Amino acid sequence: MLGGDLQEQFAEKLADESQGNPLFIVESLRMLHERDGLIKEREQWRLASDEIGIPAKIKDIILQRLGTLSRNQRKVLDAASVIGEKFNAEFLGSMLGLDWPEIIETLDAIGQATCLVSCEGDLYRFDHARSRDAMYEEISPALRKVYHARVAEKLENMPRGGKLPFSDLTHHYAQAGN
């Protein structure tokens with residue numbers, strides 16, 4: 001497609017961010033090439049910056065999936081995207097003031113309808129880190145702050161046997177503007 005090899009670091013980053021999804025790889029390369037995000041040195045392509053970004057076609061697909069969800073389902077996914085790529089349904093329910101079974105039913109319905117989330121043991125996971133990123137970017141900055149503040153408060157008040165997840169806690173408080 002580009003003519004030449006990819007620099008090893010670039011190839012690794014692309015593989016990591018795409019999680020092996022061929023459409024994501026092709027669309028990322030196309031987007032980077034169109035936006036002059038690639039530089040060719042000694043017959044090898046490298047990134048012009050540290051970011052790959054979400055290709056428009058991929059983001060459109062994700063947003064189309066989101067468009068099929070009810071307002072309540074979208075609210076649940078938005079809040080989950082603030083927590084992270086993997087999240088606990090009970091924690092999410094607590095954050096939103098909803099019953100745990102109701103959250104599980106909502107997440108299962110979202111997963112069946114869109115494949116955006118799936119259950120893995122005690123945790124739920126977004127189908128792809130970029131799906132989560134696209135959802136997170138669609139939340140208004142004001143609402144993002146509110147959700148980050150709630151996550152931080154819930155983390156701080158969780159019984160942990162003396163162990164607080166300080167890196168998560170500081171991240172969420174910082175994103176909340178606190």
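The values are calculated or read from the model by the stated rules, or taken from the named source; none is laboratory data. Given the structure is predicted, the values throughout are model-derived calculations rather than measurements. Methodologically, a virtual Cβ is constructed for each residue, glycine included, from the backbone with ideal geometry; neighbour enumeration extends over all protein chains shown. All accessible areas refer to the heavy atoms of the entire protein, side chains included, with ligands and DNA or RNA removed. Shrake-Rupley method; radii C 1.70, N 1.55, O 1.52, S 1.80 Å.
Numerical summary
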{"item": "Qualifying residue in the stretch 43-52 (condition: at pLDDT below 95, under 14 Å from D133 (Cα atoms) and not in a helix (DSSP H, G or I))", "result": "yes"}
{"item": "Positions within the stretch 126-164 being in contact with a helix residue (DSSP H, G or I) (Cβ under 6 Å, 6 or more places away or on another chain), open to solvent by less than 60 Å² (accessible area, probe 1.4 Å) and not polar (S, T, N, Q), in sequence order", "result": "F126, R132, A134, M135, Y136, I139, Y147, H148, V151, A152, L155"}
{"item": "Verdict on L69 being in a helix (DSSP H, G or I), under 18 Å from the mean Cα position of the chain (by Cα), aliphatic (A, V, I, L, M) and surrounded by fewer than 20 Cβ atoms within 10 Å (Cβ to Cβ)", "result": "no"}
{"item": "Which numbered condition D99 fails, given (1) open to solvent by less than 80 Å² (accessible area, probe 1.4 Å); (2) of a type outside the set (S, T, Y); (3) closer than 24 Å to A149 by Cβ", "result": "(1)"}
{"item": "Qualifying position, being of a type outside the set (F, W, Y) and farther than 20 Å from E138 by Cβ, among Q7, Q64, Q73", "result": "Q7"}
{"item": "Residues that are open to solvent by 60 Å² or more (accessible area, probe 1.4 Å) and either in a helix (DSSP H, G or I) or more than 29 Å from F10 (Cβ to Cβ) (or both), drawn from the stretch 27-42", "result": "R30, H33, E34"}
{"item": "Some residue of the stretch 23-38 being touching a residue at least 12 places away in the same chain (Cβ under 8 Å), out of contact with any Asp or Glu (no Cβ under 9 Å at 6 or more places or on another chain) and of a type in the set (V, I, T)", "result": "yes"}
